[in-house]
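Here is the structure we will look at.
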Amino acid sequence: MTEAGRAIGVLISGRGSNLQALIDAIDERRLAAKIAVVISNRGDAAGLERARAAGIETLVVDHRSFPTRDAFDRALSSELGARRVSLVCLAGFMRLVGTPLLEAFPNAILNVHPSLLPAFPGVDAQRQALEHGVKVAGASVHLVTAELDGGPIVLQAAVPVRDDDTAETLAARILIEEHRIYPEAASIVLSGGWTIQGRRFIRGGDSYQTPGINR
Ligand code: GRF
């Protein structure tokens, strides 16, 4: 598929460091795609500036100006559709994705979450992990479904939790892994050849073997 046939739409609400990781991966040719548009539900999201600096079209679609969540979702889906986006990447997008967007992009919305799902879904995942006392934390990239942080997992990466960690130091260690696995997962999803079996995201053929696992 050509790069133009691999148009990504990125939805953000804030800092946009995962957006930056996608931009960098495209620049460095680790991800063969083009970001067609970056949409923020907040006009003050710092990520908008990152997009502008990279010459990417930006839009602010403020959820507060829509009467219902579905109306907001329909607006997002029409902006993404108009730009022929084939994959939507949520990157710190702090709104729940509802039916209109899910139906417009079936199995084509990705999210990055700062925990080893299904542990610690929702907000403040790094603090949840620290307070629970787990010794291993990490990041997950998953397909988005109606269940919060609950869709099929494409990639995960683990990091140790240290005794002297704070939520901030743990979040910083996890973020490094988010930035590594998000572009890789986007590339895997865009490349096709995968299936969903139950809750499982399965990469096709002989292209992938889990390291260290013998059949
Ligand atoms: C990341 O930790 C991501 O996993 C979570 O929200 C944070 C967004 O950070 N969903 P950024 O805006 O990508 O810097």
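Close amide H partners of Cys89, meaning residues 5 or more places away or on another chain with modelled amide H under 5 Å apart, are Gly9, Val10, Leu11, Leu110. Taking the three principal axes of the alpha carbon atoms in the chain, the coordinate ranges are 45, 41, 33 Å, sorted in descending order. The accessible area of Asp27, taken with all protein chains in place and a 1.4 Å probe, comes to roughly 110 Å².
Find the relative contact order for the chain and round it to a whole percent, using C-alpha pairs within less than 8 Å whose residues are 6+ positions apart.
On the way: 397 pairs, mean separation 39.1, N = 215.
In percent, rounded to a whole number, it is 18.
Accessible area per residue was computed with a 1.4 Å probe on protein heavy atoms; Leu90 scores about 10 Å². Normalised per residue, the accessible area of the chain is 51 Å², obtained with a 1.4 Å probe and no contribution from ligands, DNA or RNA.
When the Kirkwood hydrodynamic radius is evaluated over all pairs of different C-alpha atoms of the range 113-156, what value in angstrom, to one decimal, is obtained? Kindly include the intermediate steps, with their values, before the conclusion.
Working: mean 1/r = 0.0957 Å⁻¹.
About 10.5 Å, per the Kirkwood formula over Cα pairs.
The convex hull of the Cα atoms of the range 126-193, projected and averaged over all directions, covers 5.0 nm².
When the convex hull of the C-alpha atoms of the range 1-96 is computed, what volume per residue in Å³ does it have? Don't skip to the end; give the middle numbers.
Working: hull volume 8.1 nm³, N = 96.
Roughly 84 Å³ of hull volume per residue.
His132 sits with roughly 130 Å² accessible to a 1.4 Å probe, with DNA, RNA and ligands left out of the calculation. Centre-to-centre, using Cα atoms only, the range 134-155 and the range 45-62 are separated by 26 Å. Between Gly198, Gly151, Gly98, the Gaussian network model of the chain with springs among Cα atoms under 10 angstrom shows the greatest mean-square fluctuation at Gly198.
Please report the antiparallel percentage of DSSP beta bridges with both residues in the chain, rounded to the nearest 5. Once the DSSP bridges in the chain are tallied, antiparallel ones form about 45 percent. In loop segments of the range 1-87 as defined by DSSP, the GluC sites (Glu not before Pro) with at most 10 further C-beta atoms inside 10 Å of their C-beta are Glu28.
Could you tell me how many cubic angstrom of Cα convex hull volume the range 96-213 has per residue?
It is 115 Å³ per residue.
The values are calculated or read from the model by the stated rules, or taken from the named source; none is laboratory data. Since this is a predicted model, take the numbers as computed values, not measurements. Neighbour counts are summed over all protein chains in view; Cβ atoms, including those assigned to glycine, are modelled from backbone coordinates with ideal geometry. Ligands, DNA and RNA are excluded from the accessible area calculation, which covers all protein heavy atoms including side chains. Shrake-Rupley method; radii C 1.70, N 1.55, O 1.52, S 1.80 Å.
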